[in-house]
1. With the cut-off at 1.5 for a/c, could you classify segment 28-175 from its C-alpha gyration tensor as rounded, prolate or oblate?
2. Once the other residues with Cβ under 11 Å from the Cβ of residue 134 are scored (Lys, Arg +1; Asp, Glu -1), what is the net sum?
3. Within 10 Å of each residue's Cβ, count the other Cβ atoms and sort 153, 78 from fewest upward.
4. Which of 176, 122, 94, 60 comes first, and how do the rest follow, when ranked by fewest Cβ neighbours within 10 Å?
5. With a ≥ b ≥ c taken as the square roots of the eigenvalues of the C-alpha gyration tensor of segment 92-176, please select rounded if a/c is under 1.5 and otherwise prolate if a/b is larger than b/c or oblate if it is not?
Amino acid sequence: MQFITALQFLAALTAVSAAPSAPHSEVSNELSKRADIFDMDCGGETFDIQDIRSTFNQFVSVANLPNNQKPAAGTRVYPQQYGNNKGIPSDPEVVAALDAIPGCKTGQSGFKYFEYPLANPVWTGGPQTSQGPHRIISIAQNVGPGGSRTYTYCTAITHRGGNGMGDGSFRACKQV
């Protein structure tokens, strides 16, 4: 497993944003970025660019671990697949946000979306509900058993707003 420092992550983001889009079959340890990273307001809680980058770094560092080694909130292991029971994003506001980001559009064959808790400090596991209401969303190409995915940061989402956390749906966080 390769751990990437924040400085290496920033260098990778700069290189990716300056280069033409790479095919999705790129080496799995490379980071890919489609969405620009902005400060985000998630239902009244603001996360700055560094919060989001730190969360994405944590996401990538644990994503390909066996489930029993990934951070958990009670029995919920993260990162986890995001979307309905078929892995398809279905929250209308989130679908609209993803469809506005090249490379993150919904309906792409052979890709899955993943969520990871967004918090400051970075969430690394804890009791049930410790993951809070906010998430980052990433997309990755499907791989076979034992394969390693390359994750692309897409956006941030929250359970806050609308009908509140109790309805289970997500909404897109707003760029600040």
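1. On the way: a/c = 1.32, a/b = 1.12, b/c = 1.18.
Judged from the Cα gyration tensor, segment 28-175 comes out rounded (a/c under 1.5).
2. Working: positive: 135, 160, 171; negative: 41, 45, 51, 115.
For residues surrounding residue 134, the net value is -1.
3. Final ranking by Cβ density, sparse to dense: 78, 153.
4. Least to most surrounded, the residues fall as 176, 122, 60, 94.
5. oblate
Throughout, read-outs are computed from the coordinates displayed, never taken from laboratory work. Here the structure is a predicted model, which means the values were calculated and not measured. In this analysis, Cβ positions are derived from the backbone assuming ideal geometry, glycine residues included, and neighbour counts consider all displayed protein chains.
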